[in-house]
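Computed from the coordinates by the stated procedures, all read-outs in this text should not be read as laboratory data. Source: prediction; values computed, not measured. Quick reminder, even Gly has a Cβ in these numbers, built from the backbone with ideal geometry, and neighbours come from all protein chains shown.
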2 protein chains.
Amino acid sequence: MSLEQAILGFLNYRPYSGYDLKKIFDTSVRHFWPADQSQIYRTLSRMNKEGWVDIEMVHQESRPDRKLYHITTAGQEALRQWLATPLPPQENRSADMIQVFFAGQLADEEILALFERAADNIRAGLARYAQIPREIEAYSEYTTSPREFFFWMLTLDVGMHTLQANLAFIEALIQRIRNGEIPAA
Amino acid sequence: MSLEQAILGFLNYRPYSGYDLKKIFDTSVRHFWPADQSQIYRTLSRMNKEGWVDIEMVHQESRPDRKLYHITTAGQEALRQWLATPLPPQENRSADMIQVFFAGQLADEEILALFERAADNIRAGLARYAQIPREIEAYSEYTTSPREFFFWMLTLDVGMHTLQANLAFIEALIQRIRNGEIPAA
DNA sequence: ATCCTATATAGGACTTGTCATATAATAGTA
DNA sequence: TACTATTATATGACAAGTCCTATATAGGAT
């Protein structure tokens, strides 16, 4: 479960509460690992039972108490080990590809509309990516070093690169379709 | 749930049993939608309750009886509607990107090894893709038309294109790392 | 005075998907 | 003779993730 490792990654910078982590996820890794609030809380308590994190109760006046999670030595070892271990090749489910696979059952104009919408979605995604660097500056208080920052930015590069490659492919495909390359029934 | 729609897509060609469908999935769409045997069976019985498929019991001597699933009119409408409806932008979880995000916590050589392994995985994926056209011929009995075939091949194109783009990116990255572009701690 | 937002944690119910196993008959192989 | 594979369906147990709701307090806006 990569959510555990991602949490360990952040806790290795410094202790955080579940509430903190939710906000950090939403402003950093949500593009490749969205995390649900309730799942973060449940995962944290599981990680505590596994001995990867310790809980420090922090009492607050006028606010509910916080549970500050500290990474343990076992947690640090688990993180290091996971980071250095190559992942098994992933299988990504893609509903879009299911639509493409059966698109022949639609009329040409419908297919074209579908791909044009897909291209629009990618452009919207690229636009969203373009403003992330600014968001990152908003949480640059978490930046521990230029080294960390390099890899944070690298995930953005990968994301944009992939989107751009997909967009180029779809745009070329739309041209092919306009040229009447889809065989008739 | 796209598994339902994928099943409808195949049943719209002709009726199949759960056993058939498992084999068809494994030789066609597993690269973008792997399907577990038990899940296919459970999904089929759910789809039956939803009125999307009818069951024809086919008795067999010397083999267990087959349940042949026929798509209903309601099922065909559901399929058509789903195919023509643009999907909400997907969020793909990528454990690889979690590794990249926190890779700064590793030593340079470890990072390099990780990316080289990732590149190898992509090359292996490309090699697997390269032999799929042959596999597709093995199930070309299911091919209803050149039009269908066009889109089946298109999913391959997309897959290979994406892999190739990722590979090019990682190879360039490995060069950058070798040139010492990773900031020190 | 009421509503909304922010801070903070947590549980119930549910969906999707995985893994292992059971059943049952036949045919081929070691 | 014993095992393995193929055909065929099905369930139990679990893991991961989503959605909704509950609880509690404080401050600001309408």
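General observations
- Rg/Rh for region A:2-84 (Cα atoms only, Rh after Kirkwood) is 0.96.
- Based on Cα contacts under 8 Å between residues 6+ apart, region A:2-84 shows a relative contact order of 35 percent.
- Value of Rg to Rh for the protein assembly as shown, rounded to two decimals, is 1.02; Kirkwood radius and Rg both from alpha-carbon coordinates.
- Electrostatic tally near A:M97: other residues with Cβ closer than 13 Å to its Cβ, Lys and Arg +1, Asp and Glu -1, net -1.
- Dividing the mean sequence gap of close Cα pairs (under 8 Å, 6+ apart) by how many residues region B:95-178 holds gives a relative contact order of 49 percent.
- Pairs of lysine residues in the protein assembly as shown that meet both criteria, 8 or more places apart or on different chains and Cα atoms under 30 Å apart, total 10.
- Taking a Cβ cut-off of under 14 Å around B:I182, the surrounding Lys, Arg, Asp and Glu residues balance to a net charge of -3, with basic ones at +1 and acidic ones at -1.
- With a 10 Å cut-off around each Cβ of B:74-80, the average count of Cβ atoms from other chains is 1.
- Förster-model FRET efficiency, 41 Å R0, A:T73 and B:M1, C-beta, rounded to 0.05: 0.45
- For chain B: relative contact order, % (alpha-carbon pairs under 8 angstrom, 6 or more apart): 20 percent
- Applied to region A:174-185, the Karplus parametrisation 6.51 cos²θ - 1.76 cosθ + 1.60 on θ = phi - 60° returns per-residue 3J(HN,Hα) values of 4, 4, 4, 5, 4, 7, x, 7, 6, x, 6, 3 Hz, with x for Gly and Pro.
- Summarising the rotation from chain B to chain A, the nearest chain B beta-carbon to the axis and its distance in Å are given as B:A165, 2.
- Relative protection proxy for B:10-16, A:51-57, from highest mean packing down: B:10-16, A:51-57 (other beta-carbon atoms within 10 angstrom).
- Label distances, nm, B:Y129 versus same residue in remaining copies, Cβ-directed 7 Å point: 1.7
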